[in-house]
Amino acid sequence: MMGEIALRYPAGSLVVSTGAYANSAASDARFPHPVDRVAIRATRLRTLNGLVLWTARASRLARRHAPGFAWCAELKPAAYPARWLNARRQLPYGIVVHGTELLLLEEKTARSAFKRWTARQLFAGCAVAVANSRWTAERARALLTALGCGALARDVRVVPPGTTPSLFRPGIDPRPIRAKHGLEGGPWLLTVSRLDWHKGIDTVIKALPAVRAVVPTARYAVAGVGSRRPHFERLAVELGLGDAVRFLGFVSDEDLPGLYNAADLYVGASRRFDRLAEGFGIALVEAAACGLAVVGGRSGGVPDAVREGETGILVDPDEPAAVAAGIVSLLGDEAARRRLGAAGRRAVETFYNWDRVARDFIRIDAEFRRRPPGAR
């Protein structure tokens, strides 16, 4: 998300500070701004050593470039160096919140005075919090109010993410992807996500026998990796689904648009599970961009990604029968699928796209940016 936004900032108006990734030089060359990488793996930035190195690096960048505002891609770890720069250089910063991290923080701050103090300090210097959905904004307001950050809580902004309509689009020949992954026959249901409990993949598998009782040739493809795959595979075997469920594993960014075009209906039955939830669901708008109708779970931020009755339908993600009914209703009505898919495509072209997201961020940046001395 932040990479897509950075690509759309005016050339030379931004400095990107992040950790190291393998083969990052090729990626960095795409940006019209300097990309400064801390000499530590990005996954290690959360460690004490990583935070010290990142804060020192960010301080040198601030002295060199004299920025007027800083965006934090997430609360932790990015807010730590941002808070330091705010305290030392009065640099205003904004924090992007995504949902699940707020659920985790709610629990931690409720049982630990130190965690409450730490969270309060990170938010204390924050000029604005930006949420990826209305649901995430509600969680942010509740947490900020509990932390005593009332002014910040009252002004949480909502900026739903998007996708790239020139990349994710209808009309891509699905035959190479079908051949590559053995997606013969169908109709095919599709989910693209990390294989985790809250994504609702198990609910869709449980719903599939009822779907196949009405549409015997219906099959389900799941693209993504995660530790829960063995559980989902066992569930499919226990339900006697055989090759009606296909786990595709990792699918490259280059293949994803073709995969969406190879499917007949997208299913994103995400649900609240323990401290995990879907803050928005970018795959939902990727599918819509490719002209797919969507069945989404009425949970978390999904209702901000799926416009009910316009780009898809929402169902109870905790009930396999409800998920099955939603799928069957659309598989049995090709005209409705086409109508919803066309509306989804229009919604991406007009709203759910990175150009609009970047404009929103640039506008908020300008609102809170520190002005140079003498500027009006």
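Computed from the coordinates by the stated procedures, all read-outs in this text should not be read as laboratory data. This structure is a prediction, so every number in the text was calculated from the model and none was measured. Don't worry about glycine lacking a Cβ; one is built from the backbone with ideal geometry, like all the others, and counts go over all protein chains shown.
Pick out, from 214, 62, 262, the residue whose Cα sits farthest towards the positive end of the charge dipole of the chain, with +1 on the Cβ of Lys and Arg and -1 on the Cβ of Asp and Glu.
Looking along the dipole axis, the top candidate is 62.
Can you compute the modelled spin-label distance between residue 339 and residue 166, with each label point 7 Å from Cα toward Cβ, in nm?
So the two model labels end up 3.3 nm from each other.
If we count every other residue with Cβ under 15 angstrom of residue 16's Cβ, Lys/Arg +1 and Asp/Glu -1, where does the sum land?
Computed value for this residue: +1.
Given a Förster distance of 35 angstrom, what is the FRET efficiency for residue 120 paired with residue 368, based on the Cβ-Cβ distance and rounded to 0.05?
It comes to 0.95.
In deg cm²/dmol, rounded to 500, what helix-only [θ] at 222 nm does the chain give when every DSSP H run of at least 4 residues adds -39500 (n - 2.57) and the total is split over its residues?
-14000 deg cm²/dmol, from helical runs alone.
From the alpha carbon gyration tensor of segment 175-350, can you work out the equivalent ellipsoid semi-axes (sqrt of 5 times each eigenvalue) and give them in Å, largest to smallest?
After diagonalising the Cα gyration tensor, the semi-axes are 21, 18, 17 Å.
If amide hydrogens are placed 1.01 Å from N in the peptide plane, which non-local residues have theirs closer than 5 Å to the one on residue 19?
Hits under the 5 Å cutoff: 38.
How compact and how long is segment 1-87, expressed as Rg and Dmax of its alpha-carbon atoms in Å?
Values for segment 1-87 (Cα only, Rg and Dmax): 12.4, 35 Å.
In segment 282-358, which chymotrypsin sites (Phe, Trp or Tyr not before Pro) fall in coil by DSSP and have 14 or fewer other Cβ atoms within 10 Å?
Passing both the DSSP loop test and the Cβ count: 351.
Relative to the present Cα-Cα distance, how much length would full extension add between residue 104 and residue 24 at 0.36 nm per residue of separation?
The residue 104-residue 24 span can extend by a further 25.8 nm.
Which ³J(HN,Hα) values in Hz, rounded to whole numbers, follow from the phi angles of segment 339-349 under the Karplus curve 6.51 cos²θ - 1.76 cosθ + 1.60, where θ = phi - 60° and Gly and Pro get x?
With coefficients 6.51, -1.76 and 1.60, one gets 5, 5, x, 5, 5, x, 4, 4, 5, 6, 5 Hz.
Can you pull the semi-axes for segment 265-376, root of five times each eigenvalue of the Cα gyration tensor, sorted largest first, whole Å?
Working: eigenvalues 238, 65, 12 Å².
Largest first, segment 265-376 gives 34, 18, 8 Å.
Residue 115: which aspartates and glutamates have alpha carbons under 13 Å from its alpha carbon, excluding same-chain residues fewer than 8 sequence positions away?
Reachable aspartates and glutamates: 106, 107.
For the chain, build the convex hull from the C-alpha positions and give me its volume per residue in Å³. The partial results should precede the final answer.
Details: hull volume 55.6 nm³, N = 376.
Spelled out: Cα convex hull of the chain, divided by residues, is 148 Å³.
Which residue, 198, 65, 98, tops the fluctuation ranking in a GNM of the chain built on C-alpha contacts under 10 Å?
Highest fluctuation among the options: 65.
Using the Cβ atoms and a cut-off under 10 Å, what net charge is assigned to the surroundings of residue 257, where Lys and Arg are +1 and Asp and Glu are -1?
Counting the neighbours of residue 257, the net charge comes to -3.
Anyone know which of 56, 127, 78 comes out most mobile in the 10 Å Cα GNM of the chain?
Of the options given, 56 has the highest mean-square fluctuation.
Viscosity 0.692 mPa s, temperature 37 °C: what is the translational diffusion coefficient of segment 133-183 from Stokes-Einstein with a Kirkwood Rh over Cα pairs, rounded to a whole number of µm²/s? Working shown, then result.
Working: Rh = 14.5 Å.
The estimated diffusion coefficient comes to 226 µm²/s.
Using square roots of five times the C-alpha gyration tensor eigenvalues, list the equivalent-ellipsoid semi-axes of segment 61-181 in whole Å, biggest first.
After scaling each eigenvalue by five and taking roots: 34, 20, 14 Å.
Mind listing which chymotrypsin sites (Phe, Trp or Tyr not before Pro) in segment 230-271 are in a DSSP loop and have 16 or fewer other Cβ atoms within 10 Å?
Filter output for segment 230-271: 250.
Quick one: dipole size for the chain, taken about the Cα centre, charges +1 on Lys/Arg Cβ and -1 on Asp/Glu Cβ, in debye to the nearest 20.
Dipole magnitude for the chain comes out near 1860 debye.
Out of all DSSP beta bridges with both ends in the chain, state the antiparallel percent to the nearest 5.
Bridges in the chain are about 5 percent antiparallel.
Which residue fluctuates the most in the chain, going by a Gaussian network model with Cα springs under 10 Å, if the choices are 180, 206, 76?
Comparing 180, 206, 76 in a Gaussian network model of the chain, the most mobile one is 180.
Given the C-alpha centroids of segment 196-241 and segment 1-21, what is the distance between them in whole angstrom?
Value for the Cα centre distance between the two parts: 38 Å.
Need the full-extension length gain, residue 360 to residue 243, defined as separation in residues times 0.36 nm minus the C-alpha distance. One decimal, nm. Please report the intermediate quantities before stating the final value.
Working: separation 117, 0.36 × 117 = 42.12 nm, distance 4.44 nm.
Gain in length upon complete extension: 37.7 nm.
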